[in-house]
Each structure stands twice: as structure tokens, then as C-alpha cells.
Amino acid sequence: MYTEEEKDAEIWGDSLDECKRKLQEMYGKNWRPKDIRTETVRYGLLGLRKKFQKVLTYTVIDHNIYSSQEKQEPVLSAAEQFEKNKQEILKNNNDILIKKTLENLNSQVANVNAKLDSLNSATSYKHETVRKIEELLAENEFTYSYIQMISEKILQSFTNPQLDDYYLVQRYVIDWIGESISITKEKAFRPPHVIIIVGPTGVGKTTTLAKLASNTILDAKANNKPKPEICFITTDTMRVGALEQISKFGEILGKNVMKAESSNDVLKNFEEYKDHVDYIFIDTSGYSPNDSTNIAKMKNILNVDGLHADIYLSFAASTKASDIANILRNYEPLGYESIIITKADETKQLGNVISVLYEKHKSISYITNGQGVPKNIMRANVIEFIKNLNGFDVDRVHIEDKFGEE
């Protein structure tokens, strides 16, 4: 866009190039051509001679005015100017904040990398004793987190020269394993002592219940006490053969078995026998730990006022660690207080059991190791767990002195 400040003028020259050269010398690029024509010029004595010249009509452009009009910004009101200034300040602050954030992130990344480098450097060499202990624990199927816990205790408790004494370190590790096993203390119960066993299908709950019932009679006889009165209630009325199995045990012991399909049934049987028996043993259906619907139904059936039951959760010793953790978690709504480990005779490794129960803060009451009734059941004790550690050189005298009272 051109303005009224543009001015038309002419320049003469022998050629067009000469005209352009003259304009270039006078104005640089501050001009533009508008027209070109040829004129005859006479010269010499009496004007008898003539020549042709080019006449270039051009326009001079005032760049100062042109530039200012092109770049002139609109005049802002006070409010608009304030908003503009605020946005510029916010932008600057954001830029500063982003810069600082990036600097902090870079610093944190550098710190993490430094720690990782340090950790890698520290763990790149592992003492032979630590390595052997970790291998033994893994062979016994202890969980990774449990093994790491033991390794850290070793490194915190022994200097490098002391680590050279493998048998000293191993003895401490065995003690730590024993100390990590929680045994349920026996409690006194007012009659009737209600005992309930819950747990997954196929772990031997019914057989275990029969063993407990039989042992109450044998213990009383061994201690010259009156024969206890007992009764059985089963809520496992759907599984094929379940009622027949518990009824057979009841027949051997000379006791009837009552069925209960609802909490009202349990309450009715409880009210009928509570003043006449010392023990009430309640058998339950086995459900997958993932069957939350039926576990909830079982909870409702067992939810009887005044029952004050001693509830045990049972699972097989060979259950893998992750499944044990799942069983413990999903049966939690039933309010079990202790654990019964069944079928211990079917596995040689119990590290999975020790690890998960330690990590979940659960204690053990009984261990079963066969189908025999009333035998093949024992009160849980630390010594039996330690004796079953494979590959460890167990000092029997030491562990009996240390854990015998438990």
C-alpha cells in the first residue's frame, strides 16, 4: 500500500540503465518506475545536431512513513493493556516454572541413576555365604521377599570377615526362620467350645475335624479327666458324600450329626446342645477362595449370636505361595483366628507356608500329615518346621533349647 507521500519525477539518461544507475545512487531502493519514453535532444551550433535520450518517470517512496503505518499497533484501553501485561507476566512465570520443574526432574533422575549405580556396584559382588543361604531358601520354596529379608539381616548382622564362617551365619538364619513362625497359644474356653474349620475344597477339613474331636476324648483319657461330651453339626449338605463322611466319624465316636442349611438351623442346634456338651464341632462346605458369593453365604450361616466359635482356616501344605496369600485374603470375612496346615506329608518344602504366614502375620495351630484318625495330627511347633528344612545343618540341641518351650 502506497501513500500520498509518494512523489512523481523524471530523470534523463542516454539509456534506461543509465537512468536506473542515477536513481540507485540518489535513492537506493527507495523508488519505483512508472513510465519510460524516448525524447529527441538537439545540441551543438544552432542546434543542428541531435540525439535520443531516455526519460524515466519514477516515484520516490518515503520509507519512514510507510514502515510506521504498516507496523503501527492499535491503541489499547487501560483494561486491555492490563490484561496484556498480565498474560505476558503469566507466560514468563510459566516459562520460569517449567524451567525449574525440568531442572528438578533432571536432578531427580540424576540422583536415581546415581543410587542405581551405587546399588549395582554394591550388589555386583555377593559373598559366597549369602549366595549359598539364598539358594537353600529358594530350594525350600521361601518367597523372594522372605529371602530378601533374610539376606538383609545377614548383611546388617555380620562383617565381611564373619561372613566367611558359613556355619555361624547358617545357625543365625535358622534361628531367624524359627522366630518368624508364629504358633497360636492355646486358650481356655467355657463349655461349649465351638470349633469350626473353613477353607477350600479338598484340603481335608472333615477328616481334620474328626481328628480334633477324637483327640479331645483321648486327651481327657490320658489326663484322667471325664470323657467330654461332643456333638457334630455339618453345613456341607450339597457335596456328594459329605454328610455320609462326617456321619461315619460320628458313628465311630457314638455321636449323632445334625444338618444345618441356614443360620436358623445352626442356632436351633446350638441352643439344643449348648447346655449339655463340652464341644461342638461344625463342618463346612469347601469353596474356591475366588467364590466370594458362597463364602459370603457361609458367613451368614455361621453368623449366630452367642456362638463364640474358634474358627480355623485350613489349606494344604503344598499350596503355592501366591495361592496361600489369596486364600488368606478371601477367607478373611469369616473371621478365622488361626491356621491348620493339612497334608504336610505330601510335600518336603514348607518355606511357602512359613513365608506367607510371616508376611500376613498369621499364626498356626495344627499340622496334619496323613489320613489316619485320630493320629496324623499334632499341635504346631517351631521345631517341627525347622527339622523339615532341606539342606540346612540343623543343630537339634540348640533349636530344642531355644524353641522347646513354645
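The values are calculated or read from the model by the stated rules, or taken from the named source; none is laboratory data. The structure presented is a predicted model; accordingly, all values stated were derived computationally and were not measured. Virtual Cβ from ideal backbone geometry, glycine too; neighbours counted across all protein chains shown. Note: accessible area is taken over every heavy atom of the protein model, side chains too, but ligands, DNA and RNA are not part of it. Shrake-Rupley method; radii C 1.70, N 1.55, O 1.52, S 1.80 Å.
Starting from segment 134-150, keep only residues that are part of a helix (DSSP H, G or I), then list their pairs with residues that are acidic (Asp, Glu) whose Cβ atoms are within a distance under 8 Å, requiring at least 6 positions of separation or different chains.
Ser145/Glu359; Tyr146/Glu359; Ile147/Glu134; Ile150/Glu134
So, of the residues in segment 356-368 that are of a type outside the set (Phe, Trp, Tyr) and within 25 Å of the chain's Cα centre (by Cα), which turns out to be surrounded by the fewest Cβ atoms within 10 Å (Cβ to Cβ)?
If we filter segment 356-368 for residues that are of a type outside the set (Phe, Trp, Tyr), which is where we start, we get 356-357, 359-365, 367-368.
Next, from what is left, pick out any that are within 25 Å of the chain's Cα centre (by Cα): 356-357, 359-363.
Working: Val356: 26, Leu357: 20, Glu359: 17, Lys360: 13, His361: 8, Lys362: 18, Ser363: 14.
Once the filter is applied, the top-ranked residue is His361.
State whether the residues of segment 222-236 include one that is within 43 Å of the chain's Cα centre (by Cα) and either in contact (Cβ under 8 Å) with a residue 60 or more places away in the chain or in a helix (DSSP H, G or I) (or both).
First, the residues of segment 222-236 that are within 43 Å of the chain's Cα centre (by Cα): 232-236.
Going one step further and asking which of them are either in contact (Cβ under 8 Å) with a residue 60 or more places away in the chain or in a helix (DSSP H, G or I) (or both), we end up with 235.
For segment 222-236, residues within 43 Å of the chain's Cα centre (by Cα) and either in contact (Cβ under 8 Å) with a residue 60 or more places away in the chain or in a helix (DSSP H, G or I) (or both): present.
Quickly run through segment 249-279 and pick out the residues that are under 30 Å from Asp323 (Cα atoms) and of a type in the set (A, V, I, L, M).
Ala260
Just need a number here: residues in segment 266-302 that are of a type in the set (Ser, Thr, Tyr) and surrounded by 15 or more Cβ atoms within 10 Å (Cβ to Cβ).
Qualifying residue count for the region: 5.
Out of all the residues in segment 174-204, which are of a type in the set (A, V, I, L, M, F, W, C) and without any contact (Cβ under 8 Å) to a residue 60 or more places away in the chain? Before you say what the answer is, go through the steps one by one.
So the first thing to find is which residues in segment 174-204 are of a type in the set (A, V, I, L, M, F, W, C), and the list is 174, 176-177, 181, 183, 188-189, 194-198, 203.
Of everything in segment 174-204, those that are of a type in the set (A, V, I, L, M, F, W, C) and without any contact (Cβ under 8 Å) to a residue 60 or more places away in the chain turn out to be Trp176, Ala188.
Assess whether Lys100 counts as being outside any helix (DSSP H, G or I), open to solvent by 90 Å² or more (accessible area, probe 1.4 Å) and at pLDDT 75 or above.
Spelling it out, it is not the case that Lys100 is outside any helix (DSSP H, G or I), open to solvent by 90 Å² or more (accessible area, probe 1.4 Å) and at pLDDT 75 or above.
Any residue that is among the polar types (S, T, N, Q), on the phi < 0 side of the Ramachandran plot and open to solvent by less than 40 Å² (accessible area, probe 1.4 Å) - is there at least one of those in segment 239-254?
no
Being open to solvent by less than 80 Å² (accessible area, probe 1.4 Å), at pLDDT below 70, closer than 30 Å to Val173 by Cα and assigned to a helix (DSSP H, G or I), is that true of even one residue in segment 109-118?
Checked segment 109-118: at least one residue is open to solvent by less than 80 Å² (accessible area, probe 1.4 Å), at pLDDT below 70, closer than 30 Å to Val173 by Cα and assigned to a helix (DSSP H, G or I).
Restricting to segment 327-355, and then to whatever is over 24 Å from Val373 (Cα atoms), of a type in the set (S, T, N, Q) and open to solvent by less than 30 Å² (accessible area, probe 1.4 Å), can you tell me which residue is farthest from the chain's Cα centre (by Cα)?
In this case the residue turns out to be Asn352.
Among residues belonging to segment 177-188 that are out of contact with any Phe, Trp or Tyr (no Cβ under 6 Å at 6 or more places or on another chain) and surrounded by 14 or more Cβ atoms within 10 Å (Cβ to Cβ), point out the one that is farthest from Ser365 (Cα to Cα).
Ile177
Looking at segment 303-326, which of its residues are open to solvent by less than 80 Å² (accessible area, probe 1.4 Å) and over 30 Å from Glu272 (Cα atoms)?
Phe315, Ala316, Ala317, Ser318, Thr319, Ala321, Ser322, Asp323, Ile324, Ala325, Asn326
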